[in-house]
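One structure below.
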């Protein structure tokens with residue numbers, strides 16, 4: 001089979017062209033790249049607003065072929081396709097739109113690769129202590145366990161900026177960050193994927209404490225907690241994280257790297 005014999009079926013609806021890759025053996029699959037590029041370029045030149053492909057997650061060669069044509073990974077549809085043995089398989093959604101830079105743009109490949117790489121959730125939280133050494137924990141409306149102030153880092157936001165923003169949104173006060181206390185990798189937990197948490201040593205001016213105004217949809221109340229209260233009300237990994245972070249700050253050892261709130265075996 002020659003490259004020109006690799007036929008790619010297309011359907012078009014309201015300016016969107018969908019590519020349907022042929023069922024080919026491994027050797028012929030390698031011929032797809034140039035064919036897909038040609039089809040995509042002709043579709044966009046003819047006025048298509050969007051060119052998309054739904055490719056089996058098991059078809060790595062097919063995914064690579066459409067990515068090389070500038071289509072970016074947009075997501076995964078679970079069990080939306082069928083394998084050759086008629087078992088359900090995930091389907092990868094990829095697309096290129098008319099406004100995307102051309103393949104000749106040096107950054108096109110970077111954008112395509114960026115869209116296909118794993119994304120890990122990042123969290124920024126604050127370790128705030130009073131003069132007695134107690135730690136400020138939030139009693140949340142949507143969680144069983146009390147937690148440190150902070151939250152998920154938004155796209156294109158630094159973890160430090162996220163902490164300050166979240167505390168301002170949750171408590172209506174501005175905190176001063178005095179440095180990074182700890183970084184911990186969090187394994188998958190209770191339906192959440194794994195994540196990286198940045199814990200910052202922070203200060204809350206005593207005058208600002210009286211001005212705290214809670215976000216009622218998220219925060220029920222605040223508590224200054226000693227070690228016993230932390231272990232009683234916080235998740236186990238949060239208690240471990242706080243213990244390690246307090247030691248790192250007070251000993252002057254500097255930021256500590258943790259996994260699930262604990263020092264890794266190799267440290």
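The values are calculated or read from the model by the stated rules, or taken from the named source; none is laboratory data. Keep in mind that what you see is a predicted model, and the values were worked out from it rather than measured. Cβ atoms come from the backbone with ideal geometry, glycine included; neighbour counts cover every protein chain shown.
Set side by side, the residues 220, 139, 232 differ, and just one is under 22 Å from residue 260 (Cβ atoms) and either assigned by TED's automatic domain parsing to the domain that holds residue 250 or surrounded by 14 or more Cβ atoms within 10 Å (Cβ to Cβ) (or both), which is 232.
Scanning the range 244-258 for residues that are buried (at least 16 other Cβ atoms within 10 Å of the Cβ) and within 27 Å of the chain's Cα centre (by Cα), we see that the one that is nearest to residue 131 (Cα to Cα) is 245. Residue 119 satisfies every condition listed in (1) free of Cβ contacts under 8 Å to residues at least 40 places away in the same chain; (2) touching a strand residue (DSSP E or B) at 6+ places or on another chain (Cβ under 8 Å); (3) in a loop (DSSP other than H, G, I, E, B); (4) surrounded by fewer than 12 Cβ atoms within 10 Å (Cβ to Cβ) except (2).
When residues in the range 122-159 are screened for being out of contact with any strand residue (DSSP E or B) (no Cβ under 6 Å at 6 or more places or on another chain) and part of a loop (DSSP other than H, G, I, E, B), 11 of them pass. All of 76, 40 fail the test of being in a helix (DSSP H, G or I), under 24 Å from residue 117 (Cα atoms), at pLDDT 90 or above and in the same structural domain as residue 104 (by TED's automatic domain parsing), apart from 40. The single residue among 193, 154 that is within 21 Å of the chain's Cα centre (by Cα), touching a residue at least 40 places away in the same chain (Cβ under 8 Å) and in the same structural domain as residue 127 (by TED's automatic domain parsing) turns out to be 193. When we screen 178, 213, 223 for residues that are under 19 Å from residue 133 (Cα atoms) and without any contact (Cβ under 8 Å) to a residue 60 or more places away in the chain, the only hit is 178. Of all the listed residues (94, 113, 103), the sole one being touching a helix residue (DSSP H, G or I) at 6+ places or on another chain (Cβ under 9 Å) and crowded, with 19+ Cβ neighbours inside 10 Å is 94. Within the range 1-24, residues that are assigned by TED's automatic domain parsing to the domain that holds residue 96 sit with their Cβ atoms under 7 Å from residues that are assigned to a strand (DSSP E or B) and at pLDDT below 85, at 6+ positions apart or across chains, in these pairs: 20/9.
Can you tell me which residue among 127, 137 is at pLDDT 95 or above, in contact with a helix residue (DSSP H, G or I) (Cβ under 8 Å, 6 or more places away or on another chain) and within 15 Å of residue 214 (Cβ to Cβ)? Of the residues listed, the single one that is at pLDDT 95 or above, in contact with a helix residue (DSSP H, G or I) (Cβ under 8 Å, 6 or more places away or on another chain) and within 15 Å of residue 214 (Cβ to Cβ) is 137. With respect to residue 177, determine if the residue is touching a strand residue (DSSP E or B) at 6+ places or on another chain (Cβ under 8 Å), within 21 Å of residue 234 (Cα to Cα) and assigned by TED's automatic domain parsing to the domain that holds residue 126. No: the conditions fail for residue 177. Of the residues 211, 162, the single one that is at negative phi, out of contact with any helix residue (DSSP H, G or I) (no Cβ under 6 Å at 6 or more places or on another chain), part of a helix (DSSP H, G or I) and in the same structural domain as residue 246 (by TED's automatic domain parsing) is 162.
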